[in-house]
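What follows is a set of notes on a single structure, which appears directly below.
Please treat every number below as a calculation from the coordinates, not as lab data. What you see is a predicted model, and the numbers here were worked out from it, not measured in a lab. Methodologically, a virtual Cβ is constructed for each residue, glycine included, from the backbone with ideal geometry; neighbour enumeration extends over all protein chains shown.
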Amino acid sequence: MTPNPSPSDSLTPPALGKPIKRGFFSRSVHDVAPDLIGATLLVEGIGGIIVEVEAYHHTEPAAHSHRGPTPRNMVMFGPPGFAYVYRSYGIHWCVNFVCEMDGSAAAVLIRALQPTHGIPAMRTRRGLHDERLLCSGPGKLCQALGISIAHNALPLDAPPIAVFQRTDEVDVVAGVRIGITKAADLPWRYGLKESKFLSKPFKNAGF
């Protein structure tokens, strides 16, 4: 039996803001990360609104770049505005946006999206229907958007990747990062307040 379409299936995707260029990312990772909440990430036209991210910097031990450059993390040490894609636990792809000056080795992990564009394709890739679960985690959203190692080191402002500015003001909440054991007390996780599409609720954020 084919499930009944959700209300969003019949709606036109929301209008996109201005395209974000690479210069947007040439700032402190702590400024870029919250500014990405409410922006839209599309890969070959499929994606949605960024509702959760985490910031990482080479000066703290949770960052892949903390011990210096390797073949895996080399893109983090390059110029800002490029994708850093890696496989987590040998299972899931995760996508990050490289920030700050060349050599700084800072990046923003994209943790969750609210699906808005290409939802049928996401459902096929993820093998499920519930929109709230399509992109509610870094591995889930990469699967939904078809992101893999083939996207590593690609620019964030050229096909197949596009990032667009948010079109409305948003309420951003912050908390500690999740799924890590090192530097776990740093409040470098940011999310859209009251979003139903987060990978995990924020403690003491009222939802």
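Summary table
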item	result
Helix-only [θ]222 nm of the chain, DSSP H runs n ≥ 4, -39500 (n - 2.57) each, per residue, nearest 500	-3000 deg cm²/dmol
Student exercise, the chain dipole from Lys, Arg, Asp, Glu Cβ charges, in Debye to nearest 20	500
Above-threshold pairs, the threshold being 30 Å between Cα atoms, out of Lys140/Lys203; Lys21/Lys140; Lys18/Lys196; Lys21/Lys182	Lys21/Lys182
Most mobile listed residue (Ala83, Ala121, Ala55) in the chain, GNM with C-alpha springs under 10 Å	Ala121
Estimated FRET transfer efficiency when R0 is 25 angstrom, pair Arg22-Ile149 (beta carbons, to 0.05)	0.75
Peptides 18-30, 164-176, 97-109 ordered by average Cβ neighbours within 10 Å, highest first	97-109, 18-30, 164-176
Alpha-carbon spread of region 18-192, three principal axes, descending order, Å	41, 36, 32
Residues of region 97-119 with amide N under 20 Å of a point placed 7 Å along Cα→Cβ from Thr12	115-119
Label-point separation, Lys193 to Thr181 (7 Å along Cα→Cβ), nm	3.5
